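**Q** Sharing a structure, written as structure tokens. Questions coming.
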Amino acid sequence: MHILVGLFLLALGLVFALFAPRLATTGGTRAAKRTFTASNVVAFRLIGTLIAVAGLLYAAGVIG
């Protein structure tokens, strides 16, 4: 079960890192597009990558 949860977190982090920036730049109204700047895209990628790394470490038994 430990490995499955870790792999789920890994997949969730990768999806978040890959698709959230695209959604942030293309979704919403014109006023909302101004809210999502390039720094927010970098933040989405960084957070997604951190979630993926945490999932990998959790699956390997290093943390948790």
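**Q** FRET efficiency for LEU23 and MET1, Cβ-Cβ distance as r, R0 = 35 Å, nearest 0.05?
**A** With R0 = 35 Å, the Cβ-Cβ based efficiency is 0.70.
**Q** How would you order 43-52, 1-10 from highest to lowest mean count of nearby Cβ atoms within 10 Å?
**A** The most tightly packed comes first, giving 43-52, 1-10.
Read-outs: derived from the displayed coordinates by stated rules, not from any lab. Predicted model only: the values in this text are computed from it and were never measured. Here the Cβ is made from the backbone with ideal geometry for all residues, glycine too, and neighbour counts use every protein chain on show.
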